[in-house]
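This report refers to the structure that appears directly beneath it.
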Amino acid sequence: MRGPTAKSFKQGFLRSFLVSLKSCRNGDMSLQERKRAVRSSADAAMATARGGGAMWPQALLASSSSSPPTSSSWPRLLPTAAKVKTTRCKSTARRCCRPKRSSSEMIARRLVRKRTKILRGMVPGGELLDGVSLLREAMDYVVHLRAQVAVLRRVSNAMHHMAGAVAPRVQLKGETAQLSDGNQG
Amino acid sequence: MGCGCQMIEETSQHHDTAESDTDCEMSSRRSRSRQSGSSRITDEQISDLVSKLQDLLPEARLRGNDRVPSSRVLQETCSYIRSLHREVDDLSERLSELLATSDMSTAQAAVIRSLLM
């Protein structure tokens, strides 16, 4: 993701993030609660900014609004994936007993199978995707996750600098420091 | 069990050597096993996707960019996503601490500043 796409995504992300951050400033929240709120704001903002070009944003938004994705939400995908599996199994069932298969190949394939399954769990909405779509979604998701990290880092650095910048200046002027609790870690 | 067809699931040409450590060259198998499946996904497409995925991963995770088995790429992808999630979590924690001590106008100013950077 480079150039104008990256920039517009990051800007869209920031805009959405700022809007939902406002709800995180509730003073009654514990640190853990606020952290969870910030995290889910960031995820929601990432999904919103990504829009409709992939499946994971929908899944991410669905899970953060705590309504579990039902099979009716993705009618297209679920039957296809299931159908592919069944058809494949039946047509190659007879060939399973071929003695030619070497154990290293079997191990490799088992590994790929196992790791594909893990990847499904890591990509939002991955469970409902077929293998090829999963690979594409994973790529898209990774790219946007990286952008999310970059933006969050910039925001927290900027906030940190602002917090740090205010206090010393205030102290020098002899006024009561507003942020003088030394919280500039 | 055993039919081993669930690996990446799509390829109708999916036969013994797809994604294996030992042999990523699938041209010999491809012509032999081409079935009239509804999906036209080839082994080549899959291995192209896998190598694109590999290119996304940070250099340190894969020694160089030569042929790395798909199982390894998948593993490193999962591990990378996990670490990105952790980073987002840590940054969220940091942000929530900063939010506790600053007011919203500081946060807004910081965000706007980030926009301009």
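Counting only other residues whose beta carbon sits under 14 Å from that of residue B:91, what net charge do I get with K and R as +1, D and E as -1?
+3
What nm value, rounded to one decimal, do you get for the distance between residue B:112 and residue A:15 when each label is placed 7 Å out toward the C-beta?
For the pair residue B:112/residue A:15, the computed spacing is 1.6 nm.
Work through the residues other than residue B:77 whose Cβ is under 10 Å from its Cβ and net out their charges, Lys, Arg +1 and Asp, Glu -1.
Here the count lands on +3.
For B:81, B:46, what ranking results if the residue with the fewest other Cβ atoms within 10 Å of its Cβ goes first?
B:81, B:46
If neighbour count is taken as other Cβ atoms inside 10 Å, put B:61, B:72 in order from fewest to most.
Ascending Cβ contact count within 10 Å gives the list B:61, B:72.
Between residue A:110 and residue B:61, how high is the FRET efficiency from 1/(1 + (r/R0)^6) when r is the Cβ-Cβ distance and R₀ = 22 Å? Nearest 0.05.
Working from the Cβ atoms, E equals 0.50.
If you average the alpha carbon positions of the range A:139-156 and of the range B:64-100, how far apart do those two centres end up, in angstrom?
Cα centres, the range A:139-156 to the range B:64-100: 10 Å.
What FRET efficiency, computed as 1/(1 + (r/R0)^6) with R0 = 22 Å and r the Cβ-Cβ distance, is obtained for residue A:117 and residue B:51, rounded to the nearest 0.05?
The value I calculate is 0.55.
Read the figures in this text as sums done on the coordinates, not as results from a lab. Fair warning: this is a prediction, and the values are worked out from it, not measured in the lab. Heads up, the Cβs are rebuilt from the backbone with ideal geometry, glycines too, and the neighbour counts pull from every protein chain shown.
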